[in-house]
Amino acid sequence: MGEKPSTAQRNRWRNEAVEHLEDFPRQYAALQNAMAEFGADFPLPEFKAAFESTTDMDSYNRAQAVERALGRVQNYVSQLSIIGAKLAELQPPKADEGEAAKAFAALNKAGVISGALCRKLRRSQKARATIEHSYVKVPAGKIHQAAELIAASALEFIGPYRAWVEDYL
């Protein structure tokens, strides 16, 4: 963000954005499907029992599917945000934050996403990072909460983002 990209770099970003946008519905559906395995409202007690099971590996694997899917969906949202901010040459905020958080803030400043959605996406990114980097110590409740947050924020993000980024593709 903020740099003058070469034509070749812009083409790589465009291609990556198109690939992510085309595959996003499948990844989002995988998250929804994994969550639905525990019941219509993704109840915490059922997820927690499966996540903490040491004997029922089928249940444990269903819990792992939720974790994998939430990570993938959040990765898509963050990558799309970063690429979009770069394609539009949005200036990142001067902050000691990760590239995704800066991209979310830049998209908010540009009017692509609301301040409330920006905050949700930043929380989603932090939750994904916590799960990914502190795996053994993350309780089932935190993963459950992250799955719900990521599912909601990704769905809220993709429509406005897609409509905005089309002009840069």
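Please treat every number below as a calculation from the coordinates, not as lab data. Keep in mind that this is a model prediction, so the values were computed, not measured. Methodologically, a virtual Cβ is constructed for each residue, glycine included, from the backbone with ideal geometry; neighbour enumeration extends over all protein chains shown.
Brief remarks follow.
- Cα lying deepest toward the dipole's positive end in region 21-169, options VAL138, GLN32, LEU107, charges on Cβ: LEU107
- For the chain, a Gaussian network of Cα nodes joined below 10 Å ranks ALA101, ALA40, ALA50 by mean-square fluctuation, and the top entry is ALA40.
- Seen against the Cα atoms of the chain and their longest principal axis, helix 7-36 is set at about 20 degrees.
- Simple Cβ-charge dipole of the chain, Lys/Arg +1 and Asp/Glu -1, about Cα centre, in debye nearest 20: 620
- Among VAL138, VAL18, VAL66, residue whose mean-square fluctuation peaks in a GNM of the chain (springs only between Cα atoms under 10 Å): VAL138
- Kirkwood Rh and Cα Rg combined as Rg/Rh, region 72-153: 1.00
- Length-normalised contact order for the chain - Cα pairs under 8 Å, 6+ apart - percent: 28
- Where only C-alpha atoms are counted, convex hull volume of the chain per residue in Å³: 113
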